Amino acid sequence: MNKLVLLLILFYSMNSWGKVPSWISNLEKSCPKTEICAVGVGRDLNQASAQGREELAKIFKVKVASDTFIKTRSEMTGTSEFIEGDIFEVSEKDITELTDVVLEGSFLKKSYAKNKTYALIVLNREDGARIIKGKIDTIDEKIENLYKEGRRGSIFKAIGFFIPREELNAKYDFLVRNKVPPRVSLKRLLELKKKFLDKKVTIYMASKGPARHKEIRDFFTSLLLKMGYRVVTSKSEKHNYSVDFYLDWKEQYLKVSGFVKYQYDLKLYSYNVVKIKIGNVSETITETGRNFNQCYRRAKNRFKKYLLENINDINLD
């Protein structure tokens, strides 16, 4: 009798272990319409969960066609040049970060282990949409503030924000079949951009300091060009504004052997046509490294970011 009971227990135990859950064998049928589901496989629950989240991220990359995002880029004809390189380009890293935003709301719903571990990772559509809506609202606030400033640099920056905004909006639409309308339309911003471009403003650029500063100066010049300014280097040419660009550096004492320390000083002064100073930008950066080149490379990247964020302070238009 006892042997029979043991055999029955063993029989039912083997059958229950052998039955694969439906969310593994037929995920699409098992996933409710209110959720996005993905299955991860690994040697343990941590690995399986991590892979499940990767699979969830792939769904957003593949299934979100981002028609609005693509349409936004096409509407930016003539503006996309300003959003390239390290200016306002949305890189793969940025897109990954946008996807990570969505995954903040995902969670482990079920798991199953037999030889391997399986994890069912789920994102509730409404919860995910709520997270994305918060990020879109933050971007919209930035765009609105830049629009209210009404400066040339502000308008171009606002246009640049539409790329990550529409990437998020496409994900929001995928989750809840709805879109978040912008507070300020891209069409309005492009109209203002055109007005600035039609003004045909010319800037005379004078640079002072060691020749090695050329790369940072050229970056600043490229910002001006991409915002529609014409830049000349001859004072005799007719111009509306002039900008003095100055960059210098000096080595500072450092006790640590094998390292050097440099202080870099950047100054820009802008003038109207009658040589009255109308704006200035200045920044000091100190860097430590193995040699001058390493210090300069780090300072250069920081100066580029600073110029990008503070270009309005030269008070042109």
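Fewest Cβ neighbours within 10 Å first, please rank 202, 233, 221 accordingly. Walk me through the intermediate numbers first.
On the way: 202 14, 233 10, 221 19.
Fewest-to-most Cβ neighbours within 10 Å comes out as 233, 202, 221.
Please quote Rg/Rh for segment 143-266 to two decimal places, taking the Kirkwood radius as Rh and restricting both calculations to Cα atoms.
Ratio of gyration radius to Kirkwood radius: 1.16.
Treat each spin label as a single point 7 Å out from the Cα along the C-beta direction, and report the residue 138 to residue 20 distance in nm.
About 4.0 nm, to one decimal.
Could you line up 229, 253, 271 from fewest to most neighbouring Cβ atoms inside 10 Å? Don't skip to the end; give the middle numbers.
On the way: 229 24, 253 6, 271 17.
Listed from fewest to most nearby Cβ atoms, that is 253, 271, 229.
For segment 127-203, what value does the Rg/Rh ratio take when both radii are computed over Cα atoms and Rh is the Kirkwood radius, given to two decimals?
Numbers: Rg = 14.3 Å, Rh = 13.3 Å.
Rounded to two decimals, Rg over Rh is 1.08.
When the chain is fully extended, how far beyond the present Cα-Cα distance does residue 113 get from residue 272, taking 0.36 nm per residue of separation?
On the way: separation 159, 0.36 × 159 = 57.24 nm, distance 7.31 nm.
That works out to 49.9 nm of additional length.
Count neighbours as other Cβ atoms within 10 Å of each site's Cβ, and list the GluC sites (Glu not before Pro) in segment 218-301 that are DSSP loop with at most 13 such neighbours.
Those that pass, being in a loop and sparsely packed, are 237.
Using alpha-carbon positions, what is the distance between the centroids of segment 248-284 and segment 171-243, in Å?
23
Starting from the Cα of residue 253, move 7 Å in the Cα-to-Cβ direction to define the label point; list residues of segment 259-293 whose amide nitrogen is under 14 Å from there.
In segment 259-293, the label zone of residue 253 (backbone N under 14 Å from the point 7 Å along Cα→Cβ) covers 261.
Extension gain residue 61-residue 286, at 0.36 nm per residue separation less the Cα-Cα distance, in nm? Mind dumping the intermediate values first?
Values: separation 225, 0.36 × 225 = 81.00 nm, distance 4.06 nm.
So the extension gain works out to 76.9 nm.
What span do the alpha-carbon atoms of segment 199-314 cover on each of the three principal axes, reported in whole Å from largest to smallest?
Dimensions of segment 199-314 along the principal axes of its Cα atoms: 54, 23, 22 Å.
Could you check what % of the DSSP bridge pairs in segment 199-314 are antiparallel, to the nearest 5?
Details: 23 of 32 bridges.
Of those bridges, close to 70 percent are antiparallel.
Using the 10 angstrom Cβ neighbour count as an exposure proxy, how do 122, 184, 273 rank, fewest first? If you can, show how the numbers build up before the last one.
Details: 122 21, 184 17, 273 11.
The order, fewest Cβ neighbours first, is 273, 184, 122.
We did not get these values from a lab; they are worked out from the coordinates using the rules stated. As the structure is a computational prediction, the values presented were derived from the model and not from experiment. A quick note on method: Cβ atoms are made from the backbone with ideal geometry, for glycine too, and the neighbour counts reach across all protein chains shown.
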